[in-house]
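Written below as C-alpha cells is the structure these notes are about.
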Amino acid sequence: MKMLFNELVFFFLTGQRRIRVHTICLPTSESILEIHNAADLPAIIALISRMAVDRCLYQQGTIQMAREASVNAVIDCLYAFRSASSSREYGTLLCSRNMRLFPIFILALLKSKAFAHGYSIKLDHRISAMLQFKIMPISNMILELHPNLYALHAISETNPNAPLLPLSFEKIDRHGLYLMDTGRYIYLYVGPGISDTLCKSMFGVNSYKEINSMTVNLEDDNATNEHGMLIYNFMRSIIGDRLQKVPVRIIK
C-alpha cells in the first residue's frame, strides 16, 4: 500500500492560517497483469495527452516528438503485457480488458487538431486545442477523442435510454435521428428520410424541410408530445452537471 498526502494552506486577511490535508491510500502490486487489469484508462489518456502538450509548449519539443512519445507509450504497454502473459499466440493482440481501447484513444489523439500532421491547421487553432487538453475535465477529454453516438429515434416509453452505437457510418439510417456527444458540443444528425411524426414531436415542425439547422435550446424545448419529451429528457440526462453549457447543433 502507498499513502499519498496533499496539503493546501489557506491564509486569511485576519492572519489566520488553515491547512487542508487530503489523504489517499492506493494498493500496489508487483504483477504486471494485475496492474493492467486495474488500470484507469481515462486517467492514463489524460496524463499522456497533457504530457504531450507539455513537451510541445514547455519543453522545447516538437509535435513529431510528442506523437512518437504517445505511440511509444502504447507499444511499451502492449509489450509489457505480452511479456507477462502466459499466452504465446502469434498474430493476435494481447491486451487486458481495461486497456483494449488504449490504441484507439492514442490514434484519436494523434488525429486531433493539437497533434495532427500538416499545415492545414492554423497555429491559433492548434494552440487552443492543446490548452483545452490541459484544462478540460477527463470526462470531456474522453468524449473529445472518442465521442458517444446514440440513436434517439429508438427511445420509447419502455426504453427511455437511447442505445449507444459504434462510431461507424454504416450504423446511420437515413430515417433516423442521432446524437453525437463530443464533450464540448452535442450534434443532432437528422436523416433526410425522417418521419413527419418525429419532426413534429421533436422540433415542432411538419416536415424535414422546415427544420432549422441552427441550435436547440434544451431549456426551452419544442417537444409536442410524450415521445419528444422523452428524447429531450435523455439529452438533458447525458449532459448532467457539466461545468459549462453544452451547445446542441443540428446537422441535416
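Candidates Phe115, Phe105, Phe81: the one that is of a type in the set (Phe, Trp, Tyr), within 20 Å of Leu143 (Cα to Cα) and in a helix (DSSP H, G or I) is Phe105. Can you find a residue in the stretch 33-47 that is within 26 Å of the chain's Cα centre (by Cα), of a type in the set (Gly, Ala, Ser) and part of a helix (DSSP H, G or I)? For the stretch 33-47, residues within 26 Å of the chain's Cα centre (by Cα), of a type in the set (Gly, Ala, Ser) and part of a helix (DSSP H, G or I): present. Selection within the stretch 1-32: residues that are within 30 Å of Arg82 (Cβ to Cβ) and either small (Gly, Ala, Ser) or out of contact with any Ser or Thr (no Cβ under 7 Å at 6 or more places or on another chain) (or both). The member of this set that is surrounded by the most Cβ atoms within 10 Å (Cβ to Cβ) is Ile32.
Being at pLDDT below 95, exposed (fewer than 15 other Cβ atoms within 10 Å of the Cβ), outside any helix (DSSP H, G or I) and more than 14 Å from the chain's Cα centre (by Cα) narrows it down to one of Leu93, Leu131, so name that one.
Just one listed residue meets the conditions, Leu93.
Comparison of Ala108, Ala69, Ala80 shows that the only residue that is closer than 18 Å to Cys56 by Cβ, among the small types (Gly, Ala, Ser) and exposed (fewer than 15 other Cβ atoms within 10 Å of the Cβ) is Ala69.
Among residues that are surrounded by 13 or more Cβ atoms within 10 Å (Cβ to Cβ) and not in a helix (DSSP H, G or I), Leu143 is not included. How about the stretch 106-124: which of its residues are touching a residue at least 40 places away in the same chain (Cβ under 8 Å) and closer than 19 Å to Leu41 by Cα? Once the filter is applied, which keeps residues that are touching a residue at least 40 places away in the same chain (Cβ under 8 Å) and closer than 19 Å to Leu41 by Cα, the stretch 106-124 yields Ile106, Leu109, Leu110. When you look at Thr23, is it more than 30 Å from Leu107 (Cα to Cα), under 29 Å from the mean Cα position of the chain (by Cα) and at pLDDT below 95, yes or no? Yes; evaluated as a whole, the condition is true for this residue.
The values are calculated or read from the model by the stated rules, or taken from the named source; none is laboratory data. The structure presented is a predicted model; accordingly, all values stated were derived computationally and were not measured. Counting neighbours? That spans all protein chains shown, and the Cβs are built from the backbone with ideal geometry, glycine included.
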